[in-house]
Amino acid sequence: APAAASTAPLPALGDSDASVLQGLAALAPGSDVGSWLVHQSIIPRIVATVDAMPRQDLSPFILPVRPAKGSLKTQDANGQKVIDTANAARYAPYVKAMQAVDSQALVDWYVHSYPLFQQAYRELGYPHAYFNDRLIAVIDHLLAAPEPTGPLAVVPYKEGFAYADPSLQSMSIGQRTMVRIGAENEAAVKAKLRDLRARLVGSGLHKEAAAPAAATTTH
């Protein structure tokens, strides 16, 4: 990221989309971040999506990133539909871009931009809580997602599919997504999340926000 990113004055939250888009694009050079991101209310969308990850569902209208192209790829095996191993390729560009981002540069950008994240979290309905505590709790939640081996059976559900295994379908939207992207992608995402978590804890933000952590990890 540009060196000035750590010292440049922050825009107002409502006027931050252009600088946020520029900052994120600089963190992931050579990727297609600009076309993946929804260009309106980027930080509020990130905050709302992070907050919703441990719940059963989230509205697609709050997502900061456009969904992967295409639909879930399945194949027939032993009389049931399972997720095709080729489905993981739909998420590969996102995972590749994430791996290419320098973790410390991303954390530095986040720390600098943190007042905007905190304001968005307050406006989401948490006036006495810290977004950074919620972020770390959600990272821990995603890291706890299971790592199934073998084909994952699915059944028709609404306009798509649901896991045939009730224990998988009852997981949060965040953990269901971690499993759906495929074992290799899940391992890569978890490795990045562990790295980011360690750097976030070392950034000082988590220490400052530690006191009210219990209030932000039970949503």
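Among the residues of segment 167-193, what is the count of those that are at positive phi and under 14 Å from the mean Cα position of the chain (by Cα)?
Residues flagged as at positive phi and under 14 Å from the mean Cα position of the chain (by Cα) within segment 167-193 amount to 0.
Is there any pair with a first residue in segment 116-129 that is open to solvent by 50 Å² or more (accessible area, probe 1.4 Å) and a second that is at pLDDT below 95 whose Cβ atoms are under 8 Å apart and which are 6 or more apart or on different chains, and what are they?
Close Cβ pairs satisfying both conditions: His128/Pro212; His128/Ala215.
So, in segment 159-169, of the ones that are in contact (Cβ under 8 Å) with a residue 12 or more places away in the chain and part of a loop (DSSP other than H, G, I, E, B), which residue ends up most open to solvent (accessible area, probe 1.4 Å)?
It comes out as Asp165.
Within segment 9-37, can you find the residues that are assigned to a loop (DSSP other than H, G, I, E, B), modelled with pLDDT under 95 and open to solvent by less than 40 Å² (accessible area, probe 1.4 Å)?
Scanning segment 9-37 gives a single hit, Ala28.
Any idea which of (1) farther than 30 Å from Leu10 by Cβ; (2) within 16 Å of the chain's Cα centre (by Cα) is the one Val155 doesn't satisfy?
Of everything listed in (1) farther than 30 Å from Leu10 by Cβ; (2) within 16 Å of the chain's Cα centre (by Cα), Val155 misses just condition (2).
Which residue, of Val50, Val82, is touching a residue at least 24 places away in the same chain (Cβ under 8 Å) and within 16 Å of the chain's Cα centre (by Cα)?
Val50
Do we find that Ala145 is of a type in the set (Gly, Ala, Ser) and within 16 Å of Ala52 (Cα to Cα) in this structure?
When the stated conditions are applied, Ala145 passes them.
Hey, can you tell me all the residues within segment 105-126 that are closer than 12 Å to Pro11 by Cα and outside any helix (DSSP H, G or I)?
Of everything in segment 105-126, nothing turns out to be closer than 12 Å to Pro11 by Cα and outside any helix (DSSP H, G or I).
Taking segment 53-69 as the search range and keeping residues that are open to solvent by 70 Å² or more (accessible area, probe 1.4 Å) and free of Cβ contacts under 8 Å to residues at least 40 places away in the same chain, which one is farthest from the chain's Cα centre (by Cα)?
Lys69
The values are calculated or read from the model by the stated rules, or taken from the named source; none is laboratory data. These figures come from a predicted structure and were not determined experimentally. When we count neighbours, we look across all protein chains shown, and the Cβ atoms used for this are built from the backbone with ideal geometry, even at glycine. These area figures cover heavy atoms from the full protein model, side chains too; ligands, DNA and RNA do not enter into them. Shrake-Rupley method; radii C 1.70, N 1.55, O 1.52, S 1.80 Å.
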